[in-house]
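Participant: Structure in C-alpha cells, see below.
The values are calculated or read from the model by the stated rules, or taken from the named source; none is laboratory data. Quick caveat: nothing in here was measured; it's all calculated off a predicted structure. These accessible areas exclude ligands, DNA and RNA; they are computed on the full protein's heavy atoms, side chains included. Shrake-Rupley method; radii C 1.70, N 1.55, O 1.52, S 1.80 Å.
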Amino acid sequence: MRKKRWLIGIGVTLGILVAAAALLYAFGGMWPPSEASRAAYAAMVARGEQPAIEARFTIPIPGCVCHSDDPVLQMQHAGRRMSECRGCHVRR
C-alpha cells in the first residue's frame, strides 16, 4: 500500500512537471527588454522608422534574454515564444 502511494505521488509530480514544461514551451518568452531599449524603440516608432509591435501573451522566463544591443531586435524578440526561437537559435 505504501509503495503504491509513493508511485502515485511520483507519477503526479512528473505529470505536473511535464505540463509545466509544455506550458512554458508554448507560451514562455524572454524577459522584457530594458527601459532604455523600450524607449529607443518607442522613439523610432514615433518617427515612423519602425512599426509598432503588437502585445502578445508570454510568460517571462528569468535568464532568457536577447543578447543583442539593437533595440529593434530586442523588441521583436520580446514577443516571441520559446517554440519560435529555433529561427535564431539552431545548434550546428
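Participant: Choose one answer from Met75, Met44, Met30: the residue with the largest mean-square fluctuation in a GNM of the chain with alpha-carbon springs under 10 Å.
Facilitator: For the chain, modelled as a Gaussian network with Cα springs under 10 Å, the answer is Met44.
Participant: Find the Cα radius of gyration of region 10-59, compare it with 2.2 N^0.38 Å by division, and give the number to two decimals.
Facilitator: 1.79
Participant: I've got another one for you. Applying the Karplus parametrisation 6.51 cos²θ - 1.76 cosθ + 1.60 with θ = phi - 60° to the phi angles of region 64-73, what ³J(HN,Hα) value in whole Hz is obtained for each residue in order, glycine and proline being reported as x?
Facilitator: 8, 9, 7, 8, 7, 8, 6, x, 5, 5
Participant: Determine ³J(HN,Hα), in whole Hz, for all residues of region 40-51 in sequence, where each value follows from phi through the Karplus function 6.51 cos²θ - 1.76 cosθ + 1.60 and θ = phi - 60°; x replaces Gly and Pro.
Facilitator: Result, ordered by residue: 5, 5, 4, 5, 5, 5, 5, 7, x, 7, 9, x Hz.
Participant: Same structure, new question: List every residue whose amide H lies under 5 Å from the amide H of Val65, counting only residues 5 or more places away in sequence or on a different chain, with H placed 1.01 Å from N in the peptide plane.
Facilitator: Under 5 Å from the amide H of Val65: Trp31.
Participant: Follow-up question, since we're still on this one. Quote the accessible area belonging to Leu7 in square angstrom, nearest 10, computed with a 1.4 Å probe and with ligands, DNA and RNA left uncounted.
Facilitator: Approximately 110 Å² for this residue.
Participant: Would you kindly calculate the mean projected area, averaged across all directions, of the convex hull enclosing the Cα atoms of the chain, in square nanometres?
Facilitator: 8.4 nm²
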